[in-house]
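Heads up: the structure comes next, in structure tokens.
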Amino acid sequence: MNTPLLIILAAFILKECFGYYLEYINIRHMRANGSTVPEEFREGIDAALLKKTCDYQIENTRFGMVSSIFDNIVVIIFIFGGLLNAYNSWVLSFNLSFVYCGVIYFLMLNYVETVLSVPFSLYHTFKMEKKYGFNTATFKVWLTDLIKSQGISTVLMGALIAAGLYIIKRSPDYWWLWVWCVFFVFSIFLMYVSPYVIEPLFNKFTPISEDAVVHRIQEVMDKAGITVKSVFKMDASRRSRHTNAYFTGIGKVKRIIIYDTLLEKVDADELVAILAHEAGHWKKHHLLKHIAAYEIIMLAGLYCFFIVLKSDALLKIFNIAVDSFYAKLLLLSFIAGIVMFPLRPLSNAISRRHEREADRFAAALTGRPDNMMSALVKLAKDNLSNLYPHPLYVVFHYSHPPAVERLKYLSQLKKNI
């Protein structure tokens, strides 16, 4: 191996090893503290449930590490072991057009990745999730979801890849700008159509029939100044007992989606508090801020790609025999993943700040922080959430403040109301 290649390999291994170290200290921290129920959870969680939570988190972590190690071995063999060179030469030997060849190049890699992930997905769904009482999906449902997901992925990825490569071919000097424009428009378009076209392919959405609950929700949303077109119940219980609720849609008219599993667990006051939190995200323009930040980074990233892809340096470093724009793009994306890793704490810190802002908004809107507190206790209980995450693990992996921290924050807000 040449020196630059060794440096890149070392950086990749170092990044992954640091990730495994985070998992290790997180589990160790939970084991050291997990025998005592936090004061904030005394009324909802007992010692037996806390032990079950620890067991679930430990098993999930171990499984995730095994899956990750397998993926990393495949990546190292493919990129650093010469398989990419062979694959690149094979696809280019088809002598197809620039666009068609690129679509095949990347879609086939996507199919291989999916096939390799199938055993892990099956084990996680039907062994681990079932063991802890979460999984409710049949193999037929799982397989149908896989086929649908792969079909949608093929259509959307194929269209985006084709559009991007067509632009690159037609505008070699400014493709970075036009590709960014196309991707931005497509992402906004998808936000509009996904709730009506894609999501119903996987789940059934039915209007909530409880008039009193709907009235409470509409009342709070009106108070927040948010127009809600409809409130739907989603049949999440067909696949899992995990609970959740979210807003969908964009613009002035939005839909509220509530898991049927959540409706079984919380009362009307707690449900309103959860949705008031989601309303806080809308009123504080968190989604727009996220989109703006993402698009700025995307534009800058595409321009950097444009500069680097002018050179054949990557092909020489990775010993790619046949000149290929696709190989350069793939390798640059791989390196970008290493370079961007140190920025993850900043992204998570901003997200956690947004979550606190949404909690504060919900507390002010409803005037009852205790409803949100009891809802969080139930959510943590039902999802077997880690109540003792390591602080460094939180920095790199938590987009939400830890549950105990959120309860302490809401308790302080309660005193000030």
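Part of a strand (DSSP E or B), of a type in the set (D, E, K, R) and under 25 Å from the mean Cα position of the chain (by Cα) - does that describe any residue in region 258-277? No, there is no match, as no residue in region 258-277 is part of a strand (DSSP E or B), of a type in the set (D, E, K, R) and under 25 Å from the mean Cα position of the chain (by Cα).
I'm checking my understanding of the structure. Among residues of region 299-334 that are of a type in the set (Ser, Thr, Tyr) and touching a residue at least 40 places away in the same chain (Cβ under 8 Å), which one is nearest to Ala162 (Cα to Cα)? Can you show your working first?
Quick first cut of region 299-334, residues of a type in the set (Ser, Thr, Tyr) only: 303, 311, 324, 326, 333.
Still in the running and touching a residue at least 40 places away in the same chain (Cβ under 8 Å): 303, 324, 326.
Values: Tyr303: 19, Ser324: 16, Tyr326: 12 Å.
The qualifying residue nearest to Ala162 (Cα to Cα) is Tyr326.
For region 144-168, name all the residues that are polar (S, T, N, Q) and under 20 Å from Ser97 (Cα atoms).
Thr154, the sole residue that qualifies.
Can you give me the number of residues within region 350-373 that are of a type in the set (Gly, Ala, Ser), assigned to a helix (DSSP H, G or I) and more than 13 Å from Tyr409 (Cβ to Cβ)? Give the derivation first.
First, the residues of region 350-373 that are of a type in the set (Gly, Ala, Ser): 351, 358, 362-364, 367.
Narrowing the set further to residues that are assigned to a helix (DSSP H, G or I) leaves 351, 358, 362-364.
Still in the running and more than 13 Å from Tyr409 (Cβ to Cβ): 351, 364.
Number satisfying all stated conditions: 2.
Have a look at Val231, Val272 and point out the one that is touching a residue at least 40 places away in the same chain (Cβ under 8 Å) and surrounded by 16 or more Cβ atoms within 10 Å (Cβ to Cβ).
On the way: Val231 fails: touching a residue at least 40 places away in the same chain (Cβ under 8 Å).
Within the list Val231, Val272, the selection yields Val272.
A search for C-beta distances below 8 Å between a residue of region 335-355 that is farther than 30 Å from Phe318 by Cβ and any residue that is among the hydroxyl-bearing types (Ser, Thr, Tyr) and crowded, with 16+ Cβ neighbours inside 10 Å, counting only pairs 6+ apart in sequence or on different chains, returns Asn348/Tyr398; Arg352/Tyr398. The residues on offer are Ala327, Ala363, and the sole one that is out of contact with any Pro (no Cβ under 7 Å at 6 or more places or on another chain) and either of a type in the set (Gly, Ala, Ser) or at positive phi (or both) is Ala327.
Of the residues that sit in region 1-43 and are of a type in the set (Gly, Ala, Ser) and under 26 Å from the mean Cα position of the chain (by Cα), which one is surrounded by the fewest Cβ atoms within 10 Å (Cβ to Cβ)? Steps first, answer last, please.
Applying the first criterion (of a type in the set (Gly, Ala, Ser)) to region 1-43 yields 10-11, 19, 32, 34-35.
Cutting the leftovers down to under 26 Å from the mean Cα position of the chain (by Cα) gives us 11, 19.
Working: Ala11: 14, Gly19: 17.
In this case the residue turns out to be Ala11.
Whether any residue in region 240-257 is surrounded by 17 or more Cβ atoms within 10 Å (Cβ to Cβ), out of contact with any Gly (no Cβ under 9 Å at 6 or more places or on another chain), among the aromatic types (Phe, Trp, Tyr) and on the phi < 0 side of the Ramachandran plot is what I want to check. Checked against the condition, which is being surrounded by 17 or more Cβ atoms within 10 Å (Cβ to Cβ), out of contact with any Gly (no Cβ under 9 Å at 6 or more places or on another chain), among the aromatic types (Phe, Trp, Tyr) and on the phi < 0 side of the Ramachandran plot, region 240-257 yields at least one hit.
Do we have any residue at all in region 124-131 that's of a type outside the set (A, V, I, L, M, F, W, C), surrounded by fewer than 17 Cβ atoms within 10 Å (Cβ to Cβ) and more than 25 Å from the chain's Cα centre (by Cα)? So far as region 124-131 goes, no, none of its residues is of a type outside the set (A, V, I, L, M, F, W, C), surrounded by fewer than 17 Cβ atoms within 10 Å (Cβ to Cβ) and more than 25 Å from the chain's Cα centre (by Cα). Which of the residues spanning region 16-53 are acidic (Asp, Glu) and modelled with pLDDT under 90? Answer for region 16-53, where residues must be acidic (Asp, Glu) and modelled with pLDDT under 90: Glu39, Glu40, Glu43, Asp46.
For region 1-58, a residue qualifies if it is within 13 Å of Ser385 (Cβ to Cβ), of a type in the set (D, E, K, R) and out of contact with any Ser or Thr (no Cβ under 8 Å at 6 or more places or on another chain), and exactly one does: Lys52. Annotation note: Cβ proximity below 6 Å between a residue of region 386-413 that is buried (at least 16 other Cβ atoms within 10 Å of the Cβ) and a residue that is assigned to a helix (DSSP H, G or I) and of a type in the set (Ser, Thr, Tyr) (sequence gap 6+ or interchain) occurs for no pair. For region 165-192, the tally of residues that are surrounded by fewer than 13 Cβ atoms within 10 Å (Cβ to Cβ), free of Cβ contacts under 8 Å to residues at least 12 places away in the same chain and among the hydroxyl-bearing types (Ser, Thr, Tyr) stands at 1.
If you check Tyr409 against the conditions, is it in a helix (DSSP H, G or I) and within 30 Å of Ala32 (Cβ to Cβ)? Talk me through it step by step, then tell me what you get.
Details: in a helix (DSSP H, G or I): yes; within 30 Å of Ala32 (Cβ to Cβ): yes.
Yes.
Evaluate the following for Gly158: is it small (Gly, Ala, Ser) and exposed (fewer than 15 other Cβ atoms within 10 Å of the Cβ)? It is false that Gly158 is small (Gly, Ala, Ser) and exposed (fewer than 15 other Cβ atoms within 10 Å of the Cβ).
Here is the figure for region 125-163: residues that are more than 23 Å from Asn244 (Cα to Cα) and among the polar types (S, T, N, Q) total 3. Give the residues of region 382-398 that are over 19 Å from Ala32 (Cβ atoms) and not in a loop (DSSP other than H, G, I, E, B), sorted by residue number. Across region 382-398, the qualifying residues are Asp382, Phe396.
When Asn88, Asn110, Asn60 are checked against the criterion of being among the polar types (S, T, N, Q), modelled with pLDDT of 90 or more and farther than 30 Å from Leu331 by Cβ, Asn60 stands alone in meeting it.
Consider Val112 carefully, then state whether it is out of contact with any strand residue (DSSP E or B) (no Cβ under 9 Å at 6 or more places or on another chain), surrounded by 12 or more Cβ atoms within 10 Å (Cβ to Cβ) and in contact (Cβ under 8 Å) with a residue 40 or more places away in the chain. No.
The values are calculated or read from the model by the stated rules, or taken from the named source; none is laboratory data. Since the model is a prediction, treat every value here as computed from it, not as a measurement. Here the Cβ is made from the backbone with ideal geometry for all residues, glycine too, and neighbour counts use every protein chain on show.
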